[in-house]
Amino acid sequence: MSGNIFEDKIKAFKSTDEFIISENLYDERENLKFESLFALSNSYLGIRGSHEEGTKISLPYFYINGVFDKSETFMRELAALPNPLGIKFYIEKELIGIENCELIEYLRELDIKNGILWKRLVLRDRKGRETRIEGCRFASRKNEHRIGLVYNLTPVNYDGIIEVESETDGRIVNFADAPRFKVKHTKTLKNEKLSDLGGNYIEVTTRDKELHVGVGSYIEAFKEGKPVLSNRSFSAFGELSTEFADVKVKAGEAVSFIKYVGVYTENELPKDDIKQSITNDISAFIESGIFEELREHSLLYNKLWDMADIKIDCDKELNKAIRFNIFHLMSTGSAVNDNINIGAKLLTGEEYGGHAFWDTELFMLPFFAYVFPNVAKNLVSYRYKLLGAAKENALKNGYRGAQYPWESADDGTEQCPAFTIEPDGSCYRCYVADYEHHVSAAVAYGIYNYTKITGDFEFFRSKGIYILIETARFWASRCEYMEKEDRYEIRKVTGPDEWHEPVDNNVYTNYLARWNLLYVKKKLDELKNDNYGLYREVLDKTGFSDEEALGLQKIADKIYLPKMNGGNILEQFEGYFNLKDCIIEKYDENDWPIKPEILKKFTVDKTCLIKQADVVMLMYLLENEFTSEEIRDNYRYYEKRTLHGSSLSPAIYSVVGLRTGDKSKAYRYLKRAAFIDLLNLQKNTREGIHAANAGGVWQVIVFGFAGLKTDEKGELSINPNMPEGWKSLNFKLWHNKKRLSISIYGDNSYRIDEV
Ligand code: BGC
């Protein structure tokens with residue numbers, strides 16, 4: 001107890017160490033990484049962990065999921081919206097900020113248990129005045145249109161006047177630190193007082209679709225429970241909205257500042273109602289109080305954890321890293337909105353523009369399907385809503401059926417840019433959208449997996465089956481018949497390994513296409529027998545015929561699946577075995593492969609070194625198609641040639657490694673995956689958290705070490721393979737509408753309890 005009621009009230013919301021990720025030294029070069037790590041999201045909005053007073057190096061992005069814009073950039077991307085976090089304190093015109101003062105104490109802590117970002121600073125200015133600032137911020141889970149900030153400021157050794165500026169910054173642009181690509185996605189329409197009482201309000205529209213977004217805020221300050229702000233005055237400085245006020249302070253006496261933020265868009269309300277709704281919402285927020293909001297917010301987070309936590313009696317840092325990944329993933333998935341998906345970097349950074357990839361279906365969806373099925377349902381429904389766009393996309397490219405875009409934003413059109421931006425600011429032509437087609441199979445696989453795991457047959461019958469049929473149709477038209485060889489091939493295609501593009505007959509793509517064709521054929525046959533009425537309805541709606549169904553089988557039977565002569569090793573694509581061969585022999589201090597010397601002489605596409613799990617990914621997904629010897633041999637072969645240039649790779653190598661009996665590698669891969677962002681192992685955490693990897697980490701624990709599976713009939717099985725030193729592992733999931741708690745022990749015994 002500090003003796004200060006206000007302070008004690010906030011601290012009551014703080015979790016214990018195993019849920020705290022700390023930054024205890026401020027290094028401006030690390031700031032962008034921490035902005036990503038410390039981003040907060042409540043599934044509607046996301047805000048990076050930038051400092052309230054601003055710092056020299058910062059990408060202080062505030063996003064609302066689904067608010068995209070293109071303007072001059074390459075594709076529709078999440079628009080950086082007016083950032084409402086700004087709070088600046090001054091004494092006699094001097095900013096009390098971390099880059100302006102001596103840091104006597106510096107601590108920021110992400111409390112993943114409660115979804116709160118804590119801060120404690122003691123700052124000494126040039127005149128020796130010391131100020132303590134302590135408090136937190138959160139993106140409310142209770143009311144997803146709200147953000148709350150609460151900071152106690154205590155002048156340690158001086159009396160005086162603290163001037164405060166509460167800001168909402170509408171000047172922020174996307175690609176703010178890439179001069180060639182900077183782009184402003186919004187036009188500011190209003191910059192004014194929130195209400196007669198004060199506060200700030202900015203209303204913008206996106207530039208292309210003119211979608212209105214309103215951001216309002218109101219600041220208050222209290223000393224011993226009494227309001228103390230005086231001289232409130234509002235100023236609009238172009239697109240910067242500022243409210244100034246001041247407060248008399250005395251050494252040792254804390255003043256508590258509270259900032260209430262409210263946000264709405266035209267997606268939820270008619271545009272003319274946005275401002276009034278925000279004003280009302282902020283009044284209601286003030287009325288119920290910041291502590292009540294925090295209380296309900298943290299209760300809801302605790303509920304999420306009650307479902308999603310993974311408890312391992314092992315190395316505590318590893319358990320914390322696993323939880324960190326779960327935290328970001330579960331914070332972003334929406335249980336209420338199926339117009340949005342989950343971007344490859346969640347809402348934590350700007351890489352990939354907030355777009356959904358195959359990452360969603362194959363890496364994140366399993367977590368949601370088992371743990372938060374209502375979120376999973378929205379993810380698959382999102383694909384159904386965009387089925388029409390996928391069909392148009394196929395048509396545009398000369399195919400039939402549905403071709404899902406490699407990168408998907410709000411309208412289902414292809415959003416993968418034809419150019420990518422390199423770290424040095426240059427850009428190069430990128431062919432991913434032209435050739436990387438396996439996403440359509442991933443979407444189909446997602447439907448299959450979602451239905452199998454959740455048992456939501458109603459979704460399958462009314463929506464999922466249409467996605468499956470149209471994607472199968474796409475593959476049927478994508479496969480070319482080669483008369484001479486009497487086989488079907490998929491030419492000019494890119495597999496998961498994007499370092500060889502395009503290639504002919506990427507074996508991953510061919511197998512997944514084959515799976516899609518055969519699965520649809522099987523499901524239609526079943527439907528014909530079990531529910532002829534529905535079968536006819538599906539055929540009528542899709543214009544599908546019995547002959548077309550037979551055609552799927554014919555193509556699947558003759559699809560080319562290249563393999564090494566006389567051996568078990570699948571050839572990643574035709575001609576792969578003719579490339580310059582070499583293997584990875586050295587690893588750095590973080591157990592990350594060191595690029596072999598051969599890359600000094602040859603570009604990677606001329607070698608057999610690959611970016612990420614490709615054949616191994618295939619064996620992960622379609623395990624039953626291969627013998628355990630085939631899986632073992634392919635794993636051993638490709639593991640030595642994979643540089644894990646994508647974060648999607650280590651988790652898959654971990655699970656498949658385990659299936660081959662290689663426990664020690666599986667454990668090393670788990671560590672790499674779990675710490676990818678915390679240790680910045682891919683060197684790009686500044687661009688955002690790796691969402692697919694986060695889902696992959698969950699899969700390593702549940703499908704890998706716990707050995708959990710749901711078979712075709714929806715039966716659950718567990719076959720644990722606990723690593724050395726783990727005494728127990730516990731997690732929960734939904735199965736057959738029952739909530740199960742699964743505990744596994746060091747000797748691989750386990751128990752399942754309904755909870
Ligand atoms: C990977 C893709 C992935 C994308 C988004 C790329 O680097 O190669 O497989 O979908 O990142 O995470």
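The values are calculated or read from the model by the stated rules, or taken from the named source; none is laboratory data. If you're wondering where the values come from, they're calculated on a predicted model, not measured in any experiment. Cβ sites come from the backbone with ideal geometry, for glycine too, and all protein chains shown count toward neighbours. Please note that ligands, DNA and RNA were not included when accessible areas were found on the heavy atoms of the full protein model with its side chains. Shrake-Rupley method; radii C 1.70, N 1.55, O 1.52, S 1.80 Å.
Computed values, structure above
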read-out	value
Rounded if a/c under 1.5, otherwise prolate or oblate - region 369-522, Cα gyration tensor axes	oblate
Label point distance in nm, Lys683-Lys223, each placed 7 Å from Cα along Cα→Cβ	5.2 nm
Net charge, Arg180 excluded, C-beta distance under 13 Å - Lys, Arg +1, Asp, Glu -1	-3
Cross-link table Lys606/Lys683; Lys580/Lys640; Lys345/Lys580; Lys463/Lys522; Lys11/Lys119; Lys303/Lys713, entries beyond 23 Å C-alpha to C-alpha	Lys606/Lys683; Lys345/Lys580; Lys303/Lys713
For region 659-755, the fraction of alpha-carbon pairs in successive 5 Å shells from zero, as %	3, 12, 20, 21, 18, 13, 9, 4, 1
The chain, helix-only ellipticity at 222 nm - DSSP H runs n ≥ 4, -39,500 (n - 2.57), divided by all residues, nearest 500	-9500 deg cm²/dmol
With eigenvalues of the C-alpha gyration tensor scaled by 5 and rooted, region 315-369, Å	21, 13, 11
Percent of Cα-Cα distances greater than 39 Å, calculated over the chain	38 percent
Total charge dipole magnitude, the chain, about the Cα centre, Cβ charges on Lys, Arg, Asp, Glu only, Debye to nearest 20	520 debye
Tensor-based shape of region 1-74 (alpha-carbon gyration tensor, a/c under 1.5 rounded, otherwise prolate or oblate)	prolate
Sites Thr627 and Lys586 - FRET efficiency at Förster radius 35 Å, r taken between beta-carbons, to 0.05	0.65
Segments 493-501, 530-538, 460-468 sorted - mean Cβ within 10 Å per residue, highest first	493-501, 460-468, 530-538
Diffusion coefficient, µm² s⁻¹, Stokes-Einstein with Kirkwood Rh over alpha-carbon pairs of region 276-390 at 4 °C and 1.567 mPa s	79 µm²/s
Using a Förster distance of 45 Å, the FRET efficiency for Lys600-Ile286 (Cβ separation, nearest 0.05)	0.10
Pairwise FRET efficiency - Glu102 versus Glu574, Cβ, R0 = 51 Å, nearest 0.05	0.20
Ranked order, Ser646, Ser664 - accessible area, probe 1.4 Å, largest first	Ser664, Ser646
